[in-house]
Amino acid sequence: MIGDGVESGFLSPYLLDEGISKERVALLFTVYGVTASVSAWFSGALSDLWGPRRVMMLGLGIWAALQVAFLGLAVPAHHYWLLMVSYGLRGFGYPLFAYGFLVWVTAVTPRHRLGSAVGWFWFAFTGGLPTLGSLVASFTVPWVGTYRTLWLALVLVVAGGLIALFLVREPTGRSRLAPAGERPVATLLGSLSIVWRRPRIGVGAVVRTVNTAAQFGFLVFLPVFFTDTLGFSLTEWLRLLSAMFATNIFFNLLFGLVGDRLGWQRTVAWFGGVGCAVTTLLLYYGTVASGDDFPLAMVLVSLFGATLAGYVPLSALMPCLAPEHKGQAMSALNLGAGASTFVGPAVVALFLGPLGVQGVMWIFAGLYLASAAMTLFLTLPDQAAASGVRAVPAPARAGRG
């Protein structure tokens, strides 16, 4: 993930310097985002079908091959459609590798350790992309230049991929996870239909959408709010944003551990949903009251980054809601993650004009409280039985294709 995140801080201005227009750069990144979202959805279903290790190998191969095409052909030729094909389709690469590994983790980790395991996964994921990736670039770009830094990213990705594929010897991930005899089409369609076949999975996907919707929405309007309204400099805002994500990295691990002890459902509901609702409002009212008080703003953005990690146990909870189709459950979770990338900005686009920043912050706080309430429905079958509530029966399998 460090290799994948190396480019995050400079690729857009680099392409602009190479003569690509802003509109075309925006379209290029949009295509990349769409392919990454589709890939994230398919990662779980393909892991069910082929096994996580093969899916990881496919993701690594796609990323490496298209990065070579991007740097070896498209960039030197300044050919836009080559850029579109090579970089845009490269978006299929990292979700197959990363989320395929996440499915592998959820498939083999003992249930009492699963929250800790996914906490470590998200610790590594967010630590690499974009945090340490951008840090590496901050040293290598002045030293060897942007173009060579992009080649270095390829080296890092291949090195990380080979470590995972050759040193992780756990056998379960080397074979399909779906029941024997299930047809490929049924497996792929099941990764979408599971959201209504298993309503709790659908609810979990919505909760995952709410999780990072505000994060992506904030990136649309908070830079202007902090610089033009509150009076922070652009450098100060960037440092505040870095603090938010840095805090989130370490709390990803912490809340994975907390979830194993306190309970995944409680952790998501209280630390994630309620916690984010409170810190979202604190972020707005605290900064409005204090103005350009940088230390206080640092505390407030860090609190939001910390509570954002409260949703980490959701990655442990979802596959346990459908233990016979863990890959499909993770596909639904990843679908929710992809949806958050446009739900958050859409909320801002619709309501920032009529309601202002204050109104948008209240909407996001309300969404977080709603997600906390929805989490109450994410009871595991054994929890439902223990509380005297009959679990929803699984649908009959006779009708599968």
Counting only helical runs of four or more DSSP H residues, what would the 222 nm mean residue ellipticity of the chain come to if each run contributes -39,500 (n - 2.57) and the total is spread over all its residues?
-24000 deg cm²/dmol
If you build the Cα gyration tensor of region 2-177 and take the root of 5 times each eigenvalue, what three semi-axes come out, in whole angstrom, biggest first?
30, 17, 14
Return the sequence-ordered ³J(HN,Hα) values of region 318-327 in whole Hz as given by the Karplus equation 6.51 cos²θ - 1.76 cosθ + 1.60 applied to θ = phi - 60°, using x for Gly and Pro.
4, x, 6, 6, 9, x, 7, 9, 5, x
Hey, can you rank 77-87, 135-145, 113-123 by average C-beta count inside 10 Å, highest first?
113-123, 77-87, 135-145
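Compactness ratio of region 196-380: Cα Rg over 2.2 N^0.38 Å, N = residue count?
On the way: Rg = 16.5 Å, N = 185, 2.2 N^0.38 = 16.0 Å.
Its radius of gyration relative to the 2.2 N^0.38 Å reference: 1.03.
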Mean Cβ neighbour count within 10 Å, used as a protection proxy, ranking 301-307, 168-174, 280-286, 313-319 highest first
313-319, 301-307, 280-286, 168-174
Kindly state, to the nearest 0.05, the FRET efficiency for VAL299 paired with ALA77, given R0 = 45 Å and r defined as their beta-carbon distance.
0.40
One finds, for LEU165 and LEU350 with R0 = 41 angstrom and r their Cβ-Cβ distance, a FRET efficiency to the nearest 0.05 of 0.40
Burial order of peptide ranges 66-73, 97-104 (average beta-carbon count within 10 Å, highest first)
97-104, 66-73
When Rg is the radius of gyration of the Cα atoms in region 116-201 and Rh is its Kirkwood radius, what does Rg/Rh come to?
1.14
A correct Karplus calculation of ³J(HN,Hα) over region 293-306, with 6.51 cos²θ - 1.76 cosθ + 1.60, θ = phi - 60°, whole Hz and x for Gly and Pro, returns 7, 5, x, 5, 4, 4, 5, 5, 5, 5, 4, 5, x, 5
Over the chain, relative contact order from alpha-carbon pairs under 8 Å, at least 6 apart, %
24
Label-point separation in nm, ASP292 to SER138, each point 7 Å along Cα→Cβ
2.2
Note, ³J(HN,Hα) from phi for region 93-107, Karplus 6.51, -1.76, 1.60, rounded to Hz, x at Gly and Pro
x, 5, x, 4, 6, 5, 6, x, 5, 4, 4, 4, 4, 6, 6
With N residues in the chain, what two-decimal value do you get for its Cα radius of gyration over 2.2 N^0.38 Å?
0.99
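Taken together, the values in this text are just the output of simple stated rules run on the coordinates, not laboratory data. If you're wondering where the values come from, they're calculated on a predicted model, not measured in any experiment. Every residue, glycine among them, receives a Cβ derived from its backbone with ideal geometry; neighbour counts consider all protein chains shown.
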